[in-house]
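The values are calculated or read from the model by the stated rules, or taken from the named source; none is laboratory data. Worth saying up front: this structure is predicted, and the values here are computed from it rather than measured. Every residue, glycine as well, gets a Cβ built from its backbone with ideal geometry; the counts of neighbours run over all protein chains shown. The area values use the complete protein model at the heavy-atom level, side chains included, leaving out ligands, DNA and RNA. Shrake-Rupley method; radii C 1.70, N 1.55, O 1.52, S 1.80 Å.
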Amino acid sequence: MTQSSVQGEGTRPGVRPARVAGQRGGSREHGGDAGDGGGGASDDGGSGGGAGGRGGRVGRHKVLRWSAATLAILILGTAGVGYLYYEHLNDNIQKGTRSSGDSKARRTEPNAAGQTPLNILLIGSDSRNSDANVSLGGDRANRGNPPLGDVQMLVHVSADRKSAAVVSIPRDTRVDIPKCVDPDTGEKFAATNDIINTSLARGGAGCTLATWQNLTGVYIDHWMTIDFAGVVKMADAIGGVEVCVKQNVWDRPRPNVSGGSGLKLTAGKHKVQGKQALQWLRTRHAFYSDLGRAKAQHMYMNSMIRTLKAQNVFTDAGRLTGLAEAATKSLTVSEELGTVKELYDLGMQLKSVPTDRITMTTMPTVEDPKDRNHLVASDADAEQVWTMLRDDVAFDDKGGSAAPKAPKPAAPATASADPAADPGEIGVLVQNGTRTATLAAVGGRATTISQALSRQGFTNAAADTSGSLSVEKTVVRYPSADLAGDAQLVAKSLGIPASSVKKSTDVSGVTVTVGADWREGAAYPKQKAPKAGQLPESADKVVGSDTDACMDVYSPYRW
């Protein structure tokens, strides 16, 4: 859900001002994925039809490095180490700025029990800034280049901590990336529309977090990143993770399709660790596409969690010490997670979720109409997934009754402090935000809605004609408390729910941005809330307790 600033119209004397803001500028071009070298550790993309599905794509393909971050959370959530050892582990952890981008997502309101969901973004970096990463990832020519966030997953833990959801976005998905500032160098990057893995090089993990928040509307509490070498350390520390293939697999270069992870296994179940675990997580061609690779990574993640729950490692001091050392040395985390205590507290919240209530999915996508080698969000299905996360609706239907919602006040808290002005005295700017990745903006929407407001007495409503935006859900924004009542009256007049009225410093007056959820009509359409378990089929879910999951191998990569 991305909101962009545009130039608005001025307001008349004596009228409460509508939004007037500057436009965003252009973007800094990126150089695209650099090629991997290094033989079997490489996973270059290639041209031609070798990988099925979206096979034959031009591009370079890296690795999922979330596994170590997830393992670290689980380990530290059950570790019973002393103060001095905590201090030692604290020194191992690298930290970074939580958000370095322009994002306006807000935390979910707590339920009646005072509980809120927990959202963590896991990012796999393709950094080659060390000998270890170069040897594992190949391509020495790209050592020192800005890293790309080639694998990204959002972990959502429900407010009652009884279920969890994991959503991946394929690395070549084109999205709106907001303006970001590199927290280390101060370099500024203008907002742009590009594939999501480039966000990491435009202000670090904090820019990737802001990109996710704008796309989904979900407030993200923390991020964690890990690189090639970290995956190998963690796979060795856990002692291996069980995976399964239905046929013999050998992910290797093929005619017209270069690269390959080097993974070579016979059909059936295998325990992989170290470099072989890295190969599993990097395999793309043999699993048909990036979407197939994401599914294999979800299976690995589920198996890893089951392994940790089944093992008695937390009563073995020596084994636990090794796991904790590997975890803290492998991670970079957002600054508010910069101590072992914070990681411990986080792990304690996560470890109680049963595996049969962990659901892993990939954001529904379609081929990018601008570039067949890229993807874009499948508008309706993707929005259903994000709505379920924003509203803390379980991805499964096993939870029974949810925690009670907080009682709804009889009137907004700001109503008595800031009663609305007469409609004719309220300045309203209406923007057209109906553009999506796959659909052009609906012409004239800002004018249609501003005229509808005028008919209801809001004679100072005006359409912003400077250009269209891309916003998933319609929103009414206001800059300060003295305009809260005005914004609520505008929303009520259009049938927009009170939950879509937001305070924002990005506007200078009451501003209605008509989103992709309102492409026709003058009255806001009633939204049907999804129920628990109502994931779209295109989300391709994998359940954490499924011990029989097994990957199908694309025929050219069988042996």
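Skip the ligands, DNA and RNA, and give the accessible area per residue of region 419-551 with a 1.4 Å probe, whole Å².
Numbers: 5650 Å² over 133 residues.
Accessible surface, normalised per residue, equals 42 Å².
What the Kirkwood sum gives for region 475-559 is a hydrodynamic radius of 17.0 Å, with every pair of different alpha carbons counted.
When the Cα atoms of region 180-335 are aligned to their principal axes, the ranges along those axes come out at 50, 48, 27 Å in descending order.
For the pairs LYS104/LYS188; LYS95/LYS275; LYS271/LYS295; LYS162/LYS502; LYS162/LYS531, flag any whose C-alpha to C-alpha distance is greater than 20 Å.
Checking Cα-Cα distances, LYS95/LYS275; LYS162/LYS502 exceed 20 Å.
Among the protein heavy atoms, those of ASP236 account for about 80 Å² of accessible surface (1.4 Å probe, every chain in place). The apolar share of the surface of region 498-559, taken as the fraction of accessible area on carbon and sulfur atoms (1.4 Å probe, ligands and nucleic acids excluded), comes to 49 percent. Once backbone amide H atoms are built at 1.01 Å from N, LEU375 has THR173, ARG174, ASP368 as its partners under 5 Å, excluding neighbours fewer than 5 places away on the same chain. Taking 0.36 nm per residue of separation and subtracting the Cα-Cα distance, full extension of the segment from ASP371 to GLU425 would add 14.7 nm. Judged by the gyration tensor of its Cα atoms, with axes a ≥ b ≥ c, region 328-388 is prolate; a/c meets the 1.5 cut and a/b is the larger of a/b and b/c.
In straight Cα distance, which aspartates and glutamates are under 18 Å from LYS264, not counting same-chain residues fewer than 8 positions off? Reachable aspartates and glutamates: ASP43, ASP44, GLU242, ASP251, ASP552. Summary of packing: across the peptides 489-498, 367-376, the per-residue average of other C-beta atoms within 10 Å ranks them, highest first, as 489-498, 367-376.
Contour minus end-to-end for ALA529 and ASN256, with contour as 0.36 nm per residue of separation and end-to-end as the Cα-Cα distance?
Values: separation 273, 0.36 × 273 = 98.28 nm, distance 4.69 nm.
Additional length available on full extension: 93.6 nm.
Among the GluC sites (Glu not before Pro) found in region 467-559, those both in a DSSP coil and sparsely packed, with 14 or fewer other Cβ atoms within 10 Å of their Cβ, are GLU520.
Peptides 335-344, 286-295 ranked from most to least packed by the mean count of surrounding Cβ atoms within 10 Å: 286-295, 335-344. Placing +1 on the Cβ of every Lys and Arg and -1 on the Cβ of every Asp and Glu, with nothing else charged, gives region 447-521 a dipole about its Cα centre of roughly 140 debye.
What per residue convex hull volume, in Å³, do the alpha-carbon atoms of region 250-367 yield? Kindly include the intermediate steps, with their values, before the conclusion.
Values: hull volume 20.6 nm³, N = 118.
Measuring per residue, one finds 175 Å³ for the Cα hull of region 250-367.
With 0.36 nm allotted per residue and the present C-alpha distance subtracted, the GLU87-THR447 stretch has 123.6 nm of extension available.
Mean separation of Cα pairs under 8 Å and 6+ residues apart, divided by the residue count of region 240-392: what relative contact order is that in percent?
On the way: 136 pairs, mean separation 23.6, N = 153.
Once divided by the residue count of region 240-392, the mean separation gives 15 percent.
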